[in-house]
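Nothing in this text is a laboratory measurement; each read-out follows from the coordinates by a stated rule. Keep in mind it's a predicted model, so treat the numbers as computed, not measured. Because the Cβ atoms are built from the backbone with ideal geometry, glycine has one as well, and the counts that use them run over all protein chains shown.
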Amino acid sequence: MTGRRAALVLTCALIAAGCGATRDRRPVTTSSTPAPQTASPAIAEAQATHERPSPPPPRQTATHTAPSATRAIRAFVTAYINWDARTVSADMRSLAARSIGQARAAMTLAAAETAGDYELQQGGIANSGTVEAVAPLSGRPGEYVVVTRESTTASNTAAYQGLKAAWHVALATVQPMPGGGWALSDWQPEN
C-alpha cells in the first residue's frame with residue numbers, strides 16, 4: 001500500500017506543478033494603454049468574424065484556343081479518346097493546358113492517375129474513336145452534347161479481346177477566351 005500511496009502523492013505533485021502551482025510564481029502585469037486602432041478593414045473583419053476571405057483565383061487561360069465552340073470541343077474530344085498506354089499521361093497534360101476550370105482539373109488528375117497505372121502500362125491498353133456528333137444543349141448556352149464511338153484494345157493482355165466499339169455520351173461546356181477563341185471549361189462523361 002505504501003508504494004501505491006507514494007505513486008498517488010507523486011501524481012498529485014506532478015498535476016499541481018503542471019497547473020502552475022509553484023511557490024515562486026510572479027504575477028503577470030499588463031499595460032493599461034490601449035493598442036492603436038490602425039487595423040485595416042480586412043483585419044477588422046477577420047477579427048470580428050474569425051475568418052479572412054481568400055483572394056479570387058487567378059484568371060485561367062488556355063494555351064490553345066479554337067475559333068469556334070464546336071471546333072474547340074471536337075479538338076478536345078478527339079485528343080481525349082485517342083491514346084495509348086505510352087502517351088496517355090502526356091496527352092492528358094496537353095489537354096489540361098488547352099482547357100480551363102473543371103476540365104483542366106479533371107485532365108490534370110487523369111494525367112497523374114495514368115502516369116503510375118501499372119495495369120494500363122503492362123497491358124499495352126489503347127483507346128481510339130471518332131467524334132460522331134456535337135450538338136448544343138437546348139436552353140443551356142455554352143453547353144453541348146457530345147457523342148463518340150470508341151474502341152479499347154490491349155497489346156499485352158487478352159482482357160479486351162473481342163470487345164466491340166461502344167457509343168459514349170458526354171457533356172461539354174465551352175467559354176470564350178479573353179484573347180479570342182474558345183476553350184473547354186467543363187467535361188462530364190455520362191457513361
Output for the stretch 95-191: chymotrypsin sites (Phe, Trp or Tyr not before Pro) sitting in coil per DSSP, at most 16 other Cβ within 10 Å, listed by number, reads Tyr160
By counting other Cβ atoms within 10 Å of each Cβ, how are Asp84, Asp186 ranked from fewest to most? Asp84, Asp186
If you stretched the chain out fully between Ser40 and Glu143, how much longer would it get, using 0.36 nm times the residue separation minus the C-alpha to C-alpha distance? 32.8 nm
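If you take the Cα atoms of the stretch 63-191, find Rg, then find the Kirkwood Rh from the mean of 1/r over all pairs, what is Rg/Rh?
The Rg/Rh ratio comes out at 0.99.
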For Ser94 and Arg71, what does the FRET efficiency come to when R0 = 22 Å and r is the distance between their Cβ atoms, rounded to the nearest 0.05? 0.85
How big is D for the stretch 94-151, in µm² s⁻¹ as a whole number, if Stokes-Einstein is applied with the Kirkwood radius of its Cα pairs at 4 °C and 1.567 mPa s? 94
At 0.692 mPa s and 37 °C, Stokes D of the stretch 136-189 from Kirkwood alpha-carbon radius, µm² per second: 241
